[in-house]
1. Take the conditions at the interface with chain A (Cβ under 8 Å from one of its Cβ atoms) and part of a helix (DSSP H, G or I) and apply them to residue B:33. Does it pass?
2. Is at least one residue of segment A:382-397 surrounded by 21 or more Cβ atoms within 10 Å (Cβ to Cβ), within 20 Å of residue A:76 (Cβ to Cβ) and touching a Lys or Arg at 6+ places or on another chain (Cβ under 7 Å)?
3. Can you report the number of residues in segment B:45-90 which are away from the ligand (no atom under 12 Å from the Cβ) and either out of contact with any strand residue (DSSP E or B) (no Cβ under 6 Å at 6 or more places or on another chain) or of a type outside the set (Phe, Trp, Tyr) (or both)?
4. Would you check if there is a residue in segment B:74-90 being touching a Phe, Trp or Tyr at 6+ places or on another chain (Cβ under 7 Å), assigned to a helix (DSSP H, G or I) and of a type in the set (Lys, Arg)?
5. So which of B:128, B:107, B:132, B:121 ends up being of a type in the set (A, V, I, L, M, F, W, C), touching a Phe, Trp or Tyr at 6+ places or on another chain (Cβ under 9 Å) and not in a loop (DSSP other than H, G, I, E, B)?
6. Within segment B:14-44, can you find the residues that are more than 16 Å from the ligand (Cβ to nearest atom) and surrounded by 22 or more Cβ atoms within 10 Å (Cβ to Cβ)?
7. Please report, ordered by residue number, the helices (runs of 4 or more DSSP H) entirely within segment A:402-487 with at least 2 residues that are within 11 Å of chain B (Cβ to nearest Cβ) and modelled with pLDDT of 50 or more.
Amino acid sequence: MTDTTENLRRVAIDPISRVEGHGKVTLLLDEHNHVRQARLHIVEFRGFERFIQGRPYWEVPVMVQRLCGICPVSHQLAACKALDRVVGATSITPTAEKIRRLMHYGQILQSHALHFFHLASPDLLLGFDSEPTRRNIAGLAAAHPDLARQGVLLRRFGQEVIRITSGKRIHGTGAIPGGVNKAVTLAERDELLREIPQILAWSQSAITLIRRLHETDPALYENFGLFRSGLLSLVDARGELDLYDGALRARDADGGLIFDGADGQHYGDLIREEVRPWSYMKFPFLKALGNQAGWYKVGPLARIQNCDAIPTPLAEQARRDFMAYSGGQPRHAPLAYHWARMIELLHAAETLHRLLLDDDILGNELMASGERRREGVGLLEAPRGTLIHHYQVDDNDLISMCNLIVSTTHNNQAMNKAICRVAQDYLDGQEISEGLLNRIEIVIRAFDPCLSCATHAIGKMPLQVELLDAQGARLSSLSRLGDGSYT
Amino acid sequence: MTTPRKLRIATVSLAGCFGCHMSLLDIDEHLLELLGQVELDRSPFTDIKLPGPCDIGLVEGGVCNAENVEVLRAFRQSCKLLVAVGACAINGGLPAQRNMIPLTEILEEVYHTSPGLAHGLIPNDPELPLPLDKVYPLHEIVRIDYSIPGCPPSAHNLWQALSDLLAGRPPELDQHWIRYD
Ligand code: SF4
């Protein structure tokens, strides 16, 4: 879509609601309401990568989890995995690894439940054009009280797994470089095990529900916001789904391998990032294919189709059903993300069940160490996709370099493609209505973006902000001059 | 508890991580009870984009850009009671770590010199709100009626505080559930 802003009417969706973090969409329309431009802007800048420098490395796992209150465990674990290498713990103890996996799959479960039930399902169950003041979790609770309750309790279970393994439901301290600081007690294990049958049953019925939605309106579900792209995720040594560890695999839009078994320590050889002036979120692409063709999708839809199998039986059957639904062809429809996400919800429940039956989680060998290194990269599959943390540590144990590529960033170009498609298909030439604008948000929500991990910058517009305190006294002011400099 | 008119609650995240909102969801089954008792106005959980007249406003996160200032002032105007929720809202929290470093230096590093950049540039579109020189706590910008400490405050205390406010009492927090880690 063009960049011309002359004589165009601007329509903004601000803020994007029922997503995590801060973002907005702007549309530029000509006099016939033709959409000339549609963009997703990430409007917050926080600069974690800079202010983390100079901090002792052991503070990092608890600092970086404050990037995101929905998936703090992902950031804590990615940082710990990078710093395991720094403390020489190239392999951690079985107890530590299994406790971390419990924490991680607990988080996958709670985050996927939150996204589907609390945030996205009101669109799918109450209707894209339903009354905007009811199109939310309260409206869901009124119309489908059982489903709302299941969502709340599924999330609760995931949060309890996190509390027991990390000390707190949000921003716990369980994982540390080299291992964990706590195992699970028998009583805690039994408390969690008791709930597993119910959690498995609800996860299965969530897949049935989303499949039924697809079957009820296949034209909508298969085409809404459709675009084709490559896929990126981690897979384990056998090529199966693993959300905590593995090597990088990328496929093209037809399912052909671009690379496989790639060591994440060298992610810089595979992935590069581009900055565009209108968003604080960067645009990553596969170096081999270049910035025009090399962008891709991450997250549940990529993972389910990138792996050769899912290593738990119920979710594996659900994956086969998912693939069979399209006759084995790769599926790119954004709304299929929800289906893939519910398959992962079930996989997380099955994995938690397995781990809880494993006596290693009750063990007391929690920490490992070895020869110190100065650098480490930690990768894992966060609820929203591949997460990369990269640190260097100096002689005084202080962080000297930090680079983060967060899950949602990988999906930046994909989300922009999806909103352009929805804008063309539904808004172009139409009188803009609330329901039409909600369609743009619906396609963004399908990716479950976590816009919290994004940024803010200096522009070229002359602009002045004055900050007055509660009494009206001037606290500070900041001016941006036409040349982009500050006074 | 029956009230003649359902109270209206608005919530917003400024420069925060959403952890405080997540802690609010951690009241679990009480959430369904709460949704039965109140009307949700603007919140990340609803599609209402501008706050209408509200009884209680909950604000997560500090103030890091011009847009945060605008939204916070709008909340102060529409809400009878404004509550600062969590460390970021009360004192800037972790994002205020950037206050020690000149903003230009941070932007340079993130968008020009960080590894793996194809070609760096600092985003400069008028659609992006102007970042402030520092991250400010809420009470430096508007009057705040109550604060609930923690990073995030425990679900226990959020539920306690909300129950008190809904009943028209000043919130009393359970000391045992106040944690600063
Ligand atoms: S106080 Fe803590 S939990 Fe709340 S927004 Fe700030 S960092 Fe997140």
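1. On the way: at the interface with chain A (Cβ under 8 Å from one of its Cβ atoms): no; part of a helix (DSSP H, G or I): yes.
Spelling it out, it is not the case that residue B:33 is at the interface with chain A (Cβ under 8 Å from one of its Cβ atoms) and part of a helix (DSSP H, G or I).
2. First, the residues of segment A:382-397 that are surrounded by 21 or more Cβ atoms within 10 Å (Cβ to Cβ): A:382-391, A:393.
Right, trim to within 20 Å of residue A:76 (Cβ to Cβ) and you get A:382-391, A:393.
This time we only want the ones that are touching a Lys or Arg at 6+ places or on another chain (Cβ under 7 Å), so: A:393.
Scanning segment A:382-397 turns up at least one residue that is surrounded by 21 or more Cβ atoms within 10 Å (Cβ to Cβ), within 20 Å of residue A:76 (Cβ to Cβ) and touching a Lys or Arg at 6+ places or on another chain (Cβ under 7 Å).
3. Initial filter on segment B:45-90 (away from the ligand (no atom under 12 Å from the Cβ)): B:45-57, B:63, B:65-83.
From the residues that got through so far, the ones that are either out of contact with any strand residue (DSSP E or B) (no Cβ under 6 Å at 6 or more places or on another chain) or of a type outside the set (Phe, Trp, Tyr) (or both) too are B:45-57, B:63, B:65-74, B:76-83.
So the answer is 32.
4. no
5. Values: B:128 fails: not in a loop (DSSP other than H, G, I, E, B); B:132 fails: touching a Phe, Trp or Tyr at 6+ places or on another chain (Cβ under 9 Å); B:121 fails: not in a loop (DSSP other than H, G, I, E, B).
After ruling out the rest, the residue left standing is B:107.
6. Within segment B:14-44, the first condition is being more than 16 Å from the ligand (Cβ to nearest atom), and the residues that meet it are B:28-42.
Residues satisfying the conditions are B:31, B:41, B:42.
7. Values: elements: A:407-410, A:412-422, A:434-446.
Output list reads A:434-446.
Per-residue answers, yes or no, for (1) in the same structural domain as residue A:223 (by TED's automatic domain parsing); (2) at pLDDT below 95; (3) crowded, with 18+ Cβ neighbours inside 10 Å:
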position	(1), (2), (3)
A:257	yes, no, no
A:275	yes, yes, yes
A:289	yes, yes, no
A:292	yes, yes, no
A:299	yes, no, yes
A:311	yes, no, no
A:319	yes, no, yes
A:322	yes, no, yes
A:328	yes, yes, no
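The values are calculated or read from the model by the stated rules, or taken from the named source; none is laboratory data. Computed from a prediction, not measured in an experiment: that's the story for all the values here. Ideal geometry is used to build each Cβ from the backbone, glycine not excepted, and the neighbour counts take in all protein chains shown.
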